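The values are calculated or read from the model by the stated rules, or taken from the named source; none is laboratory data. Fair warning: this is a prediction, and the values are worked out from it, not measured in the lab. Here the Cβ positions follow ideal geometry from the backbone for every residue, glycine too, while neighbour counts run over all protein chains shown. Only protein heavy atoms, including side chains, enter the accessible area calculation; ligands, DNA and RNA are left aside. Shrake-Rupley method; radii C 1.70, N 1.55, O 1.52, S 1.80 Å.
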Amino acid sequence: MAALKLLYGKGEIVVPTLTWVSDIVSVIQNNFKPVFVDINPKNLCMSESQIIKKVNNKTLAVFMTHVQGFNGLSDKLISFLKKRKILLIEDVCESHGATFNNKKLGTFGKISNFSFYYAHHMSTIEGGAVCTNDKSVYELVRILRSHGMARESDNAKFEKKMIKKYPKLSPQFIFLYPGYNFRNNEIGAAIGINQLKLLNKNNIKRRKNFNLFLKLIDRSKYRTDFDVKGSCNYAFPVILKTKNIKRRNKFEKILLRQKIEFRRGNAGGGNQLRQPYLKEFAKKINFKNFSEVDHIHSFGYYIGNYPSLTKNKIRKICKILNSIKL
Ligand SMILES: Cc1ncc(COP(=O)(O)O)c(C=O)c1O
């Protein structure tokens, strides 16, 4: 978002209501206007029809989060954005290895971002990556992640130009923009390189786990009608069909007692619009237009799907889930 601000200035950015907090905070912090969209219950990602409705001539970008391993793209959306010259930014933090039209997610947008926080498909403990095939974005992001320093651009010609432009500055310390310190370190890199080698193999296991989970879970109690094509989930979505808070609370108690770790609200704790940091924005929101994400907010959960999870454990988890009265 900081790079987009330097390259394009102002505008509206269409953002999901079900995502991690940083996707919206980065938009606000860079003085873009966030435009919120409800989700498609089949993939938990932004609803295609709502995106199309909310785009206008101020829209600079659509910031699509591929939620918990699901693909949020469609041919219709991609061609619509292309036609309207609107940038696509992909958040693939929760969907490393997932595909659309047999092509990896994160390769469709102008910029995509991946998290290597340890809860995800691969880890460097903390850290992440930004991907782009646009040279100007690449150079700018490199500069921004390292205090805004010109020498980090990876472009010797550009660096020379800056040294010439600012002759009174020390050539090694030309700070072009108010940047950040988002550098990873050698230890993180060493871990990440090795994790990357395991990613495809581990993702095959995750896909198998996920299919077994969907097969065993009781579809009269939990949603199973997801668009699974190309998906690669590090989590099992456990979305209650019922809207009964008392039963939901009991459901949570049973899971805690059975030592099944879970998170309510799926990606990032549910509807971001219900969080205090967005209270000023929420005043203008008609929550009736956000019924799908609100269902996830109160009745959506996920539990971990990791490569070493055994079939027996998945069977046991499903047996417990299926036995709960909802
Ligand atoms: C969709 C999404 N985007 C961004 C992030 C932030 O990643 P990090 O914790 O590496 O900053 C997360 C983290 O869980 C996420 O799930």
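Whole number please: convex hull volume per residue of the Cα set in the chain, in Å³?
Details: hull volume 49.1 nm³, N = 326.
Given the Cα convex hull of the chain, per-residue volume reads 151 Å³.
Please give the calculated 222 nm ellipticity per residue for the chain, where each DSSP H segment of at least 4 residues contributes -39500 (n - 2.57) and the sum is spread over every residue; nearest 500 deg cm²/dmol? Mind dumping the intermediate values first?
Working: 11 runs with 122 residues, N = 326.
Mean residue ellipticity, 222 nm, calculated: -11500 deg cm²/dmol.
Rg to Rh for region 1-155: what is it, with Cα atoms only and Rh by Kirkwood?
Working: Rg = 15.0 Å, Rh = 15.8 Å.
Dividing the radius of gyration by the Kirkwood radius yields 0.95.
If R0 is 35 Å, what FRET efficiency do you get for Ser298 and Thr107 from their C-beta distance, rounded to 0.05?
Values: r = 35 Å, r/R0 = 0.99.
My answer for the efficiency is 0.50.
Determine the per residue accessible area of the chain with all protein chains present and a 1.4 angstrom probe, expressed in square angstrom. Mind showing how you got there, number by number?
Numbers: 17560 Å² over 326 residues.
In whole numbers, the chain has 54 Å² accessible per residue.
Give the average over all directions of the projected area of the C-alpha convex hull of region 154-204, one decimal, in nm².
On the way: hull surface 23.0 nm².
Average of the hull's projected areas for region 154-204 equals 5.8 nm².
Quick check: at a probe of 1.4 Å, how many percent of the accessible area of region 33-174 sits on carbon and sulfur atoms?
Roughly 55 percent, rounded to a whole number.
So how much slack lies between Lys229 and Lys76, counting 0.36 nm per residue of separation and subtracting their Cα-Cα distance, in nm? Provide the component values of the computation, followed by the final result.
Values: separation 153, 0.36 × 153 = 55.08 nm, distance 1.64 nm.
Once the chain is fully extended between Lys229 and Lys76, it gains 53.4 nm.
Based on a Kirkwood Rh over C-alpha pairs, give the Stokes-Einstein translational diffusion coefficient of region 208-326 at 10 °C and viscosity 1.306 mPa s in µm²/s. Mind dumping the intermediate values first?
Values: Rh = 15.3 Å.
For these conditions, the coefficient is 103 µm²/s.
At 1.4 Å probe size, with no ligands or nucleic acids counted, give the accessible surface of Thr107 in Å², nearest ten.
The value for Thr107 is about 70 Å².
Using r as the Cβ-Cβ distance of Ile125 and Ile204, and R0 as 30 Å, what FRET efficiency do you calculate, to the nearest 0.05? Before the final figure, lay out each step's value.
On the way: r = 24 Å, r/R0 = 0.79.
About 0.80, to the nearest 0.05.
At 0.36 nm per residue, minus the direct Cα-Cα distance, what do Asn249 and Tyr8 gain on full extension? Give it in nm, one decimal, please.
Numbers: separation 241, 0.36 × 241 = 86.76 nm, distance 4.65 nm.
Full extension of this stretch gives 82.1 nm more.
Taking only the C-alpha atoms, wrap a convex hull around region 1-78 and report its volume per residue in Å³ as a whole number.
Working: hull volume 7.0 nm³, N = 78.
Roughly 90 Å³ of hull volume per residue.
Using only protein heavy atoms and a 1.4 Å probe, report how much of Glu280 is accessible, in Å² to the nearest 10.
110 Å²
With a 10 Å radius around each residue's Cβ, average the other Cβ atoms per peptide and rank 4-13, 111-120, highest first. Can you show the working numbers first?
Details: 4-13: 16.7, 111-120: 18.9.
For the peptides 4-13, 111-120, the packing ranking is 111-120, 4-13.
Please express the Cα-Cα pair-distance distribution P(r) of region 214-254 as a list of whole percents, one per 10 Å bin, running from 0 to the bin with the greatest distance.
Percent of pairs per bin, in order: 24, 49, 23, 3.
I'd like to compare 165-176, 215-226: which one has the highest average count of other Cβ atoms within 10 Å, and what's the full order after that?
Values: 165-176: 11.9, 215-226: 15.6.
The peptides rank, most packed first, as 215-226, 165-176.
With N set to the number of residues, divide the alpha-carbon radius of gyration of region 62-135 by 2.2 N^0.38 Å and report two decimals. Please report the intermediate quantities before stating the final value.
On the way: Rg = 12.3 Å, N = 74, 2.2 N^0.38 = 11.3 Å.
My calculation over the Cα atoms of region 62-135 gives 1.09.
At a threshold of 8 angstrom on Cα-Cα distance, excluding pairs fewer than six apart, so keeping six or more, what relative contact order does the chain reach in percent?
Values: 583 pairs, mean separation 57.0, N = 326.
Computed value for the chain: 17 percent relative contact order.
Extension gain Lys33-Lys168, at 0.36 nm per residue separation less the Cα-Cα distance, in nm? If you can, show how the numbers build up before the last one.
On the way: separation 135, 0.36 × 135 = 48.60 nm, distance 3.79 nm.
Length gained between Lys33 and Lys168: 44.8 nm.
On the Cα set of region 158-265, report Rg and Dmax in Å, please.
24.6, 71
For region 230-283, what's the radius of gyration and Dmax over Cα atoms, in angstrom?
In Å, with Rg to one decimal and Dmax whole: 14.2, 40.
Name the most mobile residue of Asp75, Asp23, Asp38, meaning the one with the largest mean-square fluctuation, in a Gaussian network model of the chain with Cα contacts below 10 Å.
Judging by the Gaussian network model, the answer is Asp75.
Which of the trypsin sites (Lys or Arg not before Pro) across region 254-326 are loop residues per DSSP, with 11 or fewer other Cβ within 10 Å?
Values: sites: Arg257, Lys259, Arg263, Arg264, Arg274, Lys279, Lys283, Lys284, Lys288, Lys311, Lys313, Arg315, Lys316, Lys319, Lys325; in loops: Lys259, Lys283, Lys284, Lys325.
Filter output for region 254-326: Lys259, Lys283, Lys284, Lys325.
Helix 245-257: angle to the longest alpha-carbon principal axis of the chain, degrees 0 to 90, nearest 10?
90 degrees
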